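Here the structure is laid out as structure tokens; the discussion comes afterwards.
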Amino acid sequence: MQSTFAERIPPWPRFDTTDEEGLRDVLHSRRWWRGNGVAGDEFEAAFAAQLGVRHVRVVANGTLALELALDALGVEPGDEVIVPACTFISTASAVLRIGAWPVPVDVERTTLNIDPQAVEAAITSRTKCIIPVHMAGHAVNMPALLEIARRHRLVILEDAAHCHGARAFGAALGALGEASIFSFQAGKLLTCGEGGAVATNNAAIAERTFALHSCGRPKGDTDYVHLMPATNMRLTEFQSAILRCQLARLPEQCAQREKSAPFFEERLRDAGLEPLSREPYVDIHGRYMVMAWFDPSEFGGRDAGEISAELRKLGIPAYRCFPEIHRSGMFASDILHKPLRSNRSAPAYDRINTPVAGQAAREVIWFHHSLLLGDEELLADIAAAVGDLRQPMARAPTVARAIA
Ligand SMILES: Cc1ncc(COP(=O)(O)O)c(C=O)c1O
């Protein structure tokens, strides 16, 4: 019997005996807690070195890393933070959680990255920060964004949840803004099941992140010193030990994904899809997702949710693109006004128009990076399975033919 796609796609996450040894070391050390362990410190130093930044702070997940970074950067209730309309909800919900207003702007069709022109048009006197997301692992045009930020005195917080190991403009993604965040959730390119990090070159921000992620206590405190109201976002030492091992295999996996992706994208083109582009300034694409546009009229009128659900039934890890964030239930006006700590009024979310992000939600699907670690036969078969879903819809007759 022909094996199913689920059996053929390489399992993710990957591990070997080094992960087991790392876990066992922490277990036997009995230092399971960030307060007395060394695994967190070791991973932070190793990841900082790989990124080429001075400081990394590991936390419980990427969503909290966003909240922590915004707080440490000095974003305050009532401030506006510009975000792409096409992203996972945390990029915007973290802004709401600290009492500020996310301002969604449209993305570029070719990369689904934030559109610098749309950013510039959305800046007001209340804008404090811009959060570009390196969508699917493809670098945002950071020089253009940094120039806008410089002119308007704004800070840039890179959302690097999708781009571990990626590089552009001669630097690692996540090392170009004032600070950046990463996610180590189970599907990510670098993972420990759940986890996140804030990276920065700014020592003052890094120091604030420690107390802010640890109940307000400075590093090394044993005297119940609590410098500010803060919550507990600490990562366990077990997770840091796994991250250390995962980091060691990241470059090789990045190289393998970079090698496979053009072949897979070419086969997807044969199947009638239009993969996102790769800008010439990209040195290493993270390849967290392979994203591609399709024309619903070529696929029986089905949208991205329907097509991806059919592919998942075959065991192919395919998903719809993110819905426009401001169409999410959390932006309903009766809900929005409850958690806020500011009396500044909300942007008119129902009037924000982001047509590319809206179209992407219906006409873009993405494939999980695990399949890029498979062989070309697998990739060709997956693309062929996509092609099998093609069902061109009958076109309405032209006026001339209708009259004849
Ligand atoms: C762009 C982006 N930012 C932030 C996050 C949040 O990360 P986490 O799931 O670790 O909270 C995600 C999660 O997938 C994401 O895709």
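Read-outs: derived from the displayed coordinates by stated rules, not from any lab. Here the structure is a predicted model, which means the values were calculated and not measured. Here the Cβ is made from the backbone with ideal geometry for all residues, glycine too, and neighbour counts use every protein chain on show.
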Item to complete: List the residues whose amide H sits under 5 Å from the amide H of ASN113, counting only those 5 or more places along or on another chain, with H placed 1.01 Å from N in the peptide plane.
Response: GLU108
Worksheet, complete the sentence: In the chain, whole DSSP H helices that both stretch 27 Å or further along their axis by alpha carbon positions and average at least -1.0 on the Kyte-Doolittle scale are 237-270
Worksheet entry | Dimensions (Å) - the range 115-185, Cα atoms, principal axes, largest first | 35, 25, 19
Practice prompt. For TRP101, enumerate residues with amide H under 5 Å from its amide H, sequence gap 5+ or separate chain, H modeled in the peptide plane.
Written response: GLY78, ASP79, GLU80, VAL81
Discussion item. When 1/r is averaged over all different Cα pairs and the result inverted, which Kirkwood radius in Å belongs to the range 69-214?
Written reply: 15.2 Å
Fill in: Sites LEU250 and HIS368 - FRET efficiency at Förster radius 25 Å, r taken between beta-carbons, to 0.05
0.90
Discussion item. Can you tell me what share of the DSSP beta bridges in the range 5-248 is antiparallel? A percent to the nearest 5 is fine.
Written reply: 50 percent
Item to complete: Once you have the Kirkwood Rh of the range 13-84 from its Cα pairs, apply Stokes-Einstein at 37 °C and 0.692 mPa s and quote D in µm²/s.
Response: 219 µm²/s
Worksheet, complete the sentence: Note on the range 145-289: contact order normalised by length, alpha-carbon pairs under 8 Å, 6 or more apart, percent, works out to 23 percent
Item to complete: Can you spot the aspartates and glutamates whose alpha carbon is less than 18 Å from LYS259's alpha carbon? Ignore those fewer than 8 places along the same chain.
Response: GLU279, ASP283, ASP375, GLU376, GLU377, ASP381
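Just the number, please: Stokes-Einstein D of the range 5-248 in µm²/s, Kirkwood Rh from C-alpha pairs, 4 °C, 1.567 mPa s.
71 µm²/s
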Discussion item. Please compute the modelled spin-label separation between ASP283 and GLU376, points set 7 Å along Cα→Cβ, answer in nm with one decimal.
Written reply: 2.9 nm
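Given 10 °C and 1.306 mPa s, compute D for the range 1-145 with the Stokes-Einstein relation, Rh being the Kirkwood radius over Cα pairs; round to the nearest whole µm²/s.
86 µm²/s
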Practice prompt. Please name whichever of VAL140, ALA166, VAL155 sits farthest to the positive end of the charge dipole of the range 106-174, dipole taken about the Cα centre and charges placed at Cβ: Lys and Arg +1, Asp and Glu -1.
Written response: VAL155
Worksheet entry | Selection from SER277, PHE238, ALA203, by position along the positive dipole direction of the chain (Cβ) | ALA203
Item to complete: Please work out the FRET efficiency for the pair TYR224 and GLU21, using the Cβ-Cβ distance as r and a Förster radius of 35 Å; give the result to the nearest 0.05.
Response: 0.50
Worksheet item: Under the definition of Cα pairs under 8 Å and six or more residues apart, what whole-number percent is the relative contact order of the chain?
Response: 22 percent
Practice prompt. Could you list TYR319, TYR281 in order of exposure, starting from the residue whose Cβ has the fewest other Cβ atoms within 10 Å?
Written response: TYR281, TYR319
Discussion item. Ignoring solvent entirely, what values of log10 I(q)/I(0) come out of the Debye formula for the range 272-336 at 0.18, 0.25 Å⁻¹ when each Cα is a single scatterer?
Written reply: -0.87, -1.10
Discussion item. What would the Debye equation give as log₁₀ I(q)/I(0) for the range 188-275 at q = 0.11, 0.13, 0.24 Å⁻¹, counting only Cα atoms as equal point scatterers?
Written reply: -0.54, -0.66, -1.16
Worksheet, complete the sentence: Length gained, ARG14-GLU120, 0.36 nm per residue minus C-alpha separation, equals 34.0 nm
Discussion item. Could you tell me how far the Cα centroid of the range 66-90 sits from the Cα centroid of the range 5-19, in Å?
Written reply: 34 Å
Practice prompt. Using only Cα atoms, locate the centre of the range 240-263 and the centre of the range 190-228, then give the distance between them in Å, rounded to an integer.
Written response: 27 Å
Worksheet item: Which residue fluctuates the most in the chain, going by a Gaussian network model with Cα springs under 10 Å, if the choices are SER308, SER297, SER240?
Response: SER297
Worksheet item: Rg to Rh for the range 280-388: what is it, with Cα atoms only and Rh by Kirkwood?
Response: 1.10
Worksheet, complete the sentence: the chain, Gaussian network, Cα under 10 Å: of VAL38, VAL364, VAL119, the residue fluctuating most is VAL38
Item to complete: Would you mind calculating the gained length between SER29 and ASN201 on full extension (0.36 nm times residue separation, minus the Cα-Cα distance), in nm to one decimal?
Response: 58.8 nm
